[in-house]
1. If the requirement is being over 18 Å from Pro159 (Cα atoms) and either touching a residue at least 60 places away in the same chain (Cβ under 8 Å) or of a type in the set (A, V, I, L, M, F, W, C) (or both), which of these qualifies: Ile120, Ile127, Ile136, Ile103?
2. Say whether the condition of being in contact (Cβ under 8 Å) with a residue 40 or more places away in the chain, on the phi > 0 side of the Ramachandran plot, of a type outside the set (Asp, Glu) and not in a helix (DSSP H, G or I) is met by at least one residue in the stretch 82-92.
3. Would you point out which residue out of Ala80, Ala66, Ala76 is within 17 Å of Gln163 (Cα to Cα), under 15 Å from the mean Cα position of the chain (by Cα) and not β-branched (Val, Ile, Thr)?
4. Filtering the stretch 129-174 down to residues that are surrounded by fewer than 13 Cβ atoms within 10 Å (Cβ to Cβ) and among the basic types (Lys, Arg), which residue is nearest to the chain's Cα centre (by Cα)?
Amino acid sequence: MRKVLGITVCSALLLTLSVVACNRRGNVSMKANVENALDQGGYKDVKVNEDRDKRVMTLGGKVRSADDKARAEELAKGAASGWVIANEISIEPQGVERQARAIESNLDGSIDKDYKAVLIAHRMDHIRYDVKNGVITLKGNVDTPQQRTEAEKLAAKTPNVSQVVNELQVKDRR
């Protein structure tokens, strides 16, 4: 009887361990997929951050040209189908890296001030946002889906904005 019980317990334990191992293998993160695609494409200096809850993959780091930035984004989109790809990669041509960073910083400052003025004019200045390398990421809560859409449209119309990532949540009014 003890032998049968021991075999049953061991079998159950082995079955549990194999299910866990299979689930782990099948649950590869999107971040790993994107990093692998970027590495294979030769973009080892591009960093990847993943927000699983919002299904947003943020690309950072630096590349040498606008074509490289676009290609890195294409690779990420292919590896993370259905996710939002926030392309915050800095373009730093060889030999003028410091000047390129200064220009991007000045552009981001300009975008920040312009968008803030637009939000104030539309009485939406409660909306939080970040600006990095031409990408505005909208954050926080709004009262209606229309406000969410309007904030995104206003951001997209702001001069020098290359992309808008809308993470605004509509408040639940129960």
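Derivation of every value follows stated rules applied to the coordinates shown; laboratory data play no part. Note that the coordinates shown come from a computational prediction; the quantities given were computed from them, not determined experimentally. Every residue, glycine as well, gets a Cβ built from its backbone with ideal geometry; the counts of neighbours run over all protein chains shown.
1. Details: Ile120 fails: over 18 Å from Pro159 (Cα atoms); Ile136 fails: over 18 Å from Pro159 (Cα atoms); Ile103 fails: over 18 Å from Pro159 (Cα atoms).
When all the criteria are applied, what remains is Ile127.
2. There is no residue in the stretch 82-92 that is in contact (Cβ under 8 Å) with a residue 40 or more places away in the chain, on the phi > 0 side of the Ramachandran plot, of a type outside the set (Asp, Glu) and not in a helix (DSSP H, G or I).
3. Values: Ala80 fails: within 17 Å of Gln163 (Cα to Cα); Ala66 fails: under 15 Å from the mean Cα position of the chain (by Cα).
Step by step, each of Ala80, Ala66, Ala76 is checked, and only Ala76 is within 17 Å of Gln163 (Cα to Cα), under 15 Å from the mean Cα position of the chain (by Cα) and not β-branched (Val, Ile, Thr).
4. Lys153
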